[in-house]
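Notes to accompany the following structure.
The values are calculated or read from the model by the stated rules, or taken from the named source; none is laboratory data. Since this is a predicted model, take the numbers as computed values, not measurements. When the accessible area is computed, the model is the full protein with side chains, heavy atoms only, and any ligands, DNA or RNA have been set aside. Shrake-Rupley method; radii C 1.70, N 1.55, O 1.52, S 1.80 Å.
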Amino acid sequence: MTAELITWLHEQIDADEAATADQPPESWLPEGLTPDNPLAALYAPARAITTKRDLLTAWRDPEHADPGDHDALRSDWAVRVLALTSYSDRPGYRAEWAPDDE
């Protein structure tokens, strides 16, 4: 995987964060759920953004890892899945970044 994908994903996540920064909680909560409900935190955009940033922080390029480094392969796959499932409809996404079928 290239550093270009990681850079591109950071840009997409930054855009998500900017888009949600000024939104009131009611805008992202399911109907009937109020901000004071403990379950509301599960729907907070900040939670998803933090999870995505943590995934990118944990990424290790399998091309530069030891041949038996299965953690690098798993983190690479997870980053590719993130790009495909969250952002493949955005400009700049490349089909070559999709996870392998293996």
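Leaving out ligands and nucleic acids, and using a 1.4 Å probe, what accessible area per residue does the stretch 1-74 come to in Å²? Working shown, then result.
Details: 5010 Å² over 74 residues.
Computed with neighbouring chains in place, this is 68 Å² per residue.
Ordered by 1.4 Å accessible area with all protein chains kept, Leu29, Leu5, Leu84 run largest first as Leu84, Leu29, Leu5. Here the Gaussian network model covers the chain, with springs between Cα atoms less than 10 Å apart; of Trp59, Trp28, Trp77, Trp28 fluctuates the most. Build a GNM of the chain with springs between Cα atoms under 10 Å apart, and of Thr34, Thr85, Thr20 the one that fluctuates most is Thr34.
Relative contact order, percent, of the chain when contacts are C-alpha pairs under 8 Å separated by at least 6 residues?
Working: 72 pairs, mean separation 24.8, N = 102.
Across the chain, relative contact order equals 24 percent.
GNM on the chain, alpha-carbon springs under 10 angstrom: the most fluctuating residue among Ala46, Ala18, Ala78 is Ala18.
Figure note: Tyr43, Tyr93 ranked by solvent-accessible area, largest first, 1.4 Å probe, ligands and nucleic acids not counted: Tyr43, Tyr93. Heavy-atom accessible area, probed at 1.4 angstrom with all protein chains present, ranks Glu96, Glu4 as Glu96, Glu4, highest first.
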